Protein chains: 2
Amino acid sequence: MRQTLREVAIVGTGLVGCSWAVDFALGGANVRIFDQNEATRTGAPARIKTMLADMEAAGLADHVEDALKRVSVAATLAAAIDGADYVQESVFERVDVKTAVALEIGKLINGEVVVGSSSSGIPASSFTAGAPNRNRFVIAHPVNPPHLVPVVELVPAPWTDPEIVPWLRARLTEVGKVPVEVKREIDGFILNRLQGALLNEAWALFEEGYATTADIDATISQGLGLRWAFMGPFETIDLNAPGGVSDYADRLAPLYFRVAEQRISPRKWSPELVARVTAERRAALPLEDLPKRSQWRDRRLVQLVAHLRRQRAQEDG
Amino acid sequence: MRQTLREVAIVGTGLVGCSWAVDFALGGANVRIFDQNEATRTGAPARIKTMLADMEAAGLADHVEDALKRVSVAATLAAAIDGADYVQESVFERVDVKTAVALEIGKLINGEVVVGSSSSGIPASSFTAGAPNRNRFVIAHPVNPPHLVPVVELVPAPWTDPEIVPWLRARLTEVGKVPVEVKREIDGFILNRLQGALLNEAWALFEEGYATTADIDATISQGLGLRWAFMGPFETIDLNAPGGVSDYADRLAPLYFRVAEQRISPRKWSPELVARVTAERRAALPLEDLPKRSQWRDRRLVQLVAHLRRQRAQEDG
């Protein structure tokens, strides 16, 4: 296994695959991209070019033309993978689709290549069990849009070679990502479990009539979320008591235990509840304005990431 | 009740009380501050001056000298409250302390004045039951540091006059806060319940060996927390599926229900677990560096708030 990424294959060139191509090309690797759908495949370079231009405009990337030159479209899966140190698979997230692709990729690689899958929730064991070289597969789950959000969850299957997670963690760090290790498989990995826990409480509070969706949203976006943009939950509470996290636990653990005890009978998000949440959201944002608002979110995100990088650069120098 | 805040009394001039004084003075009100502890009381104007200077330096406030002139120290509680439209109480958060202060304040006000308490978790019903004019009391819970974080939770007691929450919501909005309404009392209100739900999952994942505290933190600070700095959890998921929140629920509600079902036997944060979390945090940040890191957090927060305000100002035209 090479100690630097030189040749990367991208399999599946939707939004996620294209974002990965941006990350690796900016990191200096040659990137061969492939998608089974010809239109998706041939349209990918234009998509990648737009992402690079947006990043350059926000001060998040330079030499983007050189990066774009390092990206090439492969005509077949075999041509994309041939000679690759690393394969990032980002095909449609369904077990049967992932299983078929893992089988094909497994046949094409040797025992040195590493294959990361962008799965957001399907563990590697449920689609690599029957694949050749299954010990070379691992989950590398990015967050949308992956060229802007740094975190990547690495989750091994029980049969993943133990050398793979540390190797991939180092390589992804080198190209500017922030990998985290999920030591073994679990539903939702870390990110969606944390999101799910907060969402379940938010939906329950709304269901029980304690607050509107807009007010629950403001509690995060005008409150808790500000610190979480640059500090995680453990560091946040560690700084929230004079004696650090143990002092904080002395004061607040009993409250949080009561909160947990009040939720030991989880309810599904019922169709009626989903309809009520939908009604509030559609009153705030008509369905036809969703794409425009998503573009707003991405603009805000690129500016926020640029702001945070400037802050870190100032601190470092 | 006046439809604009002209005269505000601040009772308790620790960090929270001083921050409130900053908010109201910048909003144009005359602010009389009082603390039973003479050193805390007489030291408050210097503290308020520093907060105003920091905000001015970050571009978050101007005319700060005029604002400072609107703040005066009262020698007695009665002098602070005399003629006030609104009283913000921020004394030490313990039921007996709050009860005694509510009794005193209740005697001094008439039936027109509104009294907000900065309690982060103690509901108003547990310390205003025996106070005169108890129908004039409400919780107005800010987030640390309150002069930088916009959100304020408004929580009425069962006997709070129904006109108070809408009135206070409007007045606080006018001085630049973002109030949210908690319709009735509940342990932890909204903010700490959402934080608690996420923390309980984070602690459980750490306890079960799925990830380090540093990696769980990075999942938020380099991932989920970026969007939450400018969008709440409902808007986030509404934009994360082509058909909006109902489409998202179709896809992900089953996963989140499984996550909830796996946590129906909540465990306390045991002393052993607190010790393990503490060991990781103290390795990352020695206890003696905690104050320095808290200052770093506040610098980062003031810069982030300034960045977000600039973004909104650009959008507005």
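The values are calculated or read from the model by the stated rules, or taken from the named source; none is laboratory data. Only a predicted model underlies this, so the values are computations on that prediction, with no experimental measurement involved. Ideal geometry is used to build each Cβ from the backbone, glycine not excepted, and the neighbour counts take in all protein chains shown.
Here are the numbers for this structure:
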item: Counted residues, segment B:90-103 - those being under 13 Å from B:V11 (Cβ atoms) and touching a helix residue (DSSP H, G or I) at 6+ places or on another chain (Cβ under 6 Å); result: 4
item: Out of B:R310, B:R227, B:R300, sole residue that is of a type in the set (D, E, K, R) and under 18 Å from A:I190 (Cβ atoms); result: B:R227
item: Selected residue [over 28 Å from A:R312 (Cα atoms) and over 23 Å from the mean Cα position of the chain (by Cα)] from A:E208, A:E201, A:E185; result: A:E208
item: Some residue of segment B:143-162 being free of Cβ contacts under 8 Å to residues at least 12 places away in the same chain and in the same structural domain as B:T128 (by TED's automatic domain parsing); result: yes
item: Hits in segment B:1-46 (condition: of a type in the set (S, T, Y), part of a loop (DSSP other than H, G, I, E, B) and either surrounded by 18 or more Cβ atoms within 10 Å (Cβ to Cβ) or touching a Gly at 6+ places or on another chain (Cβ under 7 Å) (or both)); result: B:T13
item: Whichever residue in segment B:155-174 is touching a Pro at 6+ places or on another chain (Cβ under 9 Å) and among the hydrophobic types (A, V, I, L, M, F, W, C) and, among such residues, is nearest to the other protein chains (Cβ to nearest Cβ); result: B:V155
item: Segment B:286-304: number of residues that are at the interface with chain A (Cβ under 7 Å from one of its Cβ atoms) and not polar (S, T, N, Q); result: 7
item: Within segment B:78-116, considering residues that are without any contact (Cβ under 8 Å) to a residue 40 or more places away in the chain and small (G, A, S), the one surrounded by the most Cβ atoms within 10 Å (Cβ to Cβ); result: B:A102
item: Residues located in segment A:109-142, provided they are within 12 Å of another protein chain (Cβ to nearest Cβ) and at pLDDT below 95; result: A:S120, A:G121, A:I122
item: Meets criteria (modelled with pLDDT under 95, touching a helix residue (DSSP H, G or I) at 6+ places or on another chain (Cβ under 9 Å) and either of a type outside the set (S, T, N, Q) or surrounded by fewer than 24 Cβ atoms within 10 Å (Cβ to Cβ) (or both)) for A:P145; result: yes
item: Residue check, A:T173 outside the structural domain of A:V149 (by TED's automatic domain parsing) and closer than 30 Å to B:A306 by Cα; result: no
item: Residues within segment B:90-132 that are assigned to a loop (DSSP other than H, G, I, E, B) and over 18 Å from B:R184 (Cα atoms), tallied; result: 13
item: Residue, farthest from B:V302 (Cα to Cα), within segment B:196-247, restricted to residues that are aromatic (F, W, Y) and touching a Lys or Arg at 6+ places or on another chain (Cβ under 9 Å); result: B:Y210
item: Scan of segment A:65-89 for residues that are touching a strand residue (DSSP E or B) at 6+ places or on another chain (Cβ under 6 Å) and assigned to a loop (DSSP other than H, G, I, E, B), ordered by number; result: A:R70, A:A74, A:G83, A:A84, A:D85
